[in-house]
Amino acid sequence: MLRYLLSALTVFYVPLLPGCTFEPYDDVFSSNGDQFADEHESELISNGEDYYHDHHEDQDQNSSGTSDHRHHQQQRHIEDWFEEQLEDDLKWSFALNSPKTVFIMGGGEGSTAREALKHKDVEKVIMCDIDRVVVDFCRAYLTENQEAFRDKRLQIAINDAEDELKKSEEKFDVIVGDLADPLEGGPCNDLYTKYFYQQVLKPKLNENGIFVTQAGPAGILSHKQIFTSIYNTIKHVFKYVTAYTAHVPSYADSCGWVLASDQPLNLDVEKLEKRIKEKIKGKLFYLNGASIVSSTVLNKIIQTSLLEETNVITEENARFIHGQGIAR
């Protein structure tokens with residue numbers, strides 16, 4: 001309850017936080033989202049007609065991942081500006097394979113798109129989020145990301161990510177999972193299954209493409225909830241898989257990510273430093289080559305758990321975060 005209260009308070013008092021200011025814009029919640037199609041800004045490439053709200057309106061909002069819950073899960077960036085930089089810098093510093101095309105699953109607040117657009121070689125970023133309300137609100141008020149929303153390389157799809165990938169004729173250099181954690185009855189549980197990774201996502205990656213996803217809590221006491229299962233599931237689909245973690249102050253815990261590809265993942269400090277200097281426009285807040293590599297150095301407890309994990313996530317054998325974090 002306290003976390004929900006804090007999340008609500010940050011919406012109204014977020015100007016007090018460093019590095020995160022809001023400025024009001026008119027017509028925030030348009031009836032059809034046509035403002036995204038402004039020829040001078042981002043392009044709305046498809047419209048899922050608020051898919052989640054239409055199909056799951058009878059589910060409990062706090063457990064199903066509707067707008068209030070997604071605001072808590074994915075707008076947590078507002079709660080802690082440090083985490084925002086940390087999480088997105090990690091994702092995109094790893095993905096230094098000179099990507100030209102990027103597909104983001106979720107990330108409706110625009111932070112991951114902002115970091116993707118720092119890459120000089122990027123020509124197109126598709127951000128696919130299921131919640132129009134979150135996208136509209138953040139585009140209008142979150143000044144930290146307004147430059148990204150105005151970037152002509154950004155295209156926005158309001159749709160289910162699985163549906164969007166299935167119907168897309170494109171392939172991508174990088175696909176990012178910036179999703180809510182898997183919750184029982186939640187909107188994106190299918191996006192953590194072996195079927196989705198193998199049959200839907202991987203075929204949409206270019207040769208030597210990279211997939212990276214958030215993978216839930218990764219602390220000493222929390223890493224077995226979903227982190228190890230997500231890692232093991234992805235390991236059954238890709239040849240090279242790396243897990244990495246970082247402490248996130250707003251959670252008072254470590255969070256985990258999983259990076260995967262069918263090409264070897266180059267984590268050499270000097271080469272990463274060179275690539276960051278050559279390929280990144282602007283400054284990375286948190287990372288350099290050494291800190292990227294160090295995030296993959298896991299303690300013995302977590303290493304052992306990753307090696308011993310046997311669960312593969314399927315529709316019939318899912319893992320969820322329940323209440324205080326008990327997985328079943």
Does D131 satisfy the criteria of being crowded, with 24+ Cβ neighbours inside 10 Å and within 18 Å of the chain's Cα centre (by Cα)? yes
Condition broken by I276, with the remaining ones in (1) β-branched (V, I, T); (2) over 25 Å from I130 (Cβ atoms); (3) within 17 Å of the chain's Cα centre (by Cα) satisfied: (3)
Considering residues of the stretch 268-292 that are free of Cβ contacts under 8 Å to residues at least 60 places away in the same chain and touching a helix residue (DSSP H, G or I) at 6+ places or on another chain (Cβ under 6 Å) only, the residue farthest from V241 (Cα to Cα): E273
In the list D121, D131, which residue meets the criterion of being at pLDDT below 95 and touching a Gly at 6+ places or on another chain (Cβ under 8 Å)? D131
Go through the stretch 287-328 and report how many residues are within 30 Å of E115 (Cα to Cα) and modelled with pLDDT under 85. 5
Residue count for the stretch 283-300, restricted to those that are β-branched (V, I, T) and either loosely packed, with under 12 Cβ neighbours inside 10 Å or part of a loop (DSSP other than H, G, I, E, B) (or both): 2
Restricted to the stretch 87-116, and to residues that are closer than 23 Å to V269 by Cα and of a type in the set (A, V, I, L, M, F, W, C), which residue is modelled with the highest pLDDT? A116
From L165, L183, L221, which residue is crowded, with 18+ Cβ neighbours inside 10 Å, among the hydrophobic types (A, V, I, L, M, F, W, C) and assigned to a loop (DSSP other than H, G, I, E, B)? L183
Members of the stretch 246-273 that are over 21 Å from the mean Cα position of the chain (by Cα) and not in a loop (DSSP other than H, G, I, E, B): V269, E270, K271, L272, E273
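The values are calculated or read from the model by the stated rules, or taken from the named source; none is laboratory data. Small disclaimer: the values here were computed from a predicted structure and weren't measured. Glycine gets a Cβ as well: all are built from the backbone with ideal geometry, and neighbour counts include every protein chain shown.
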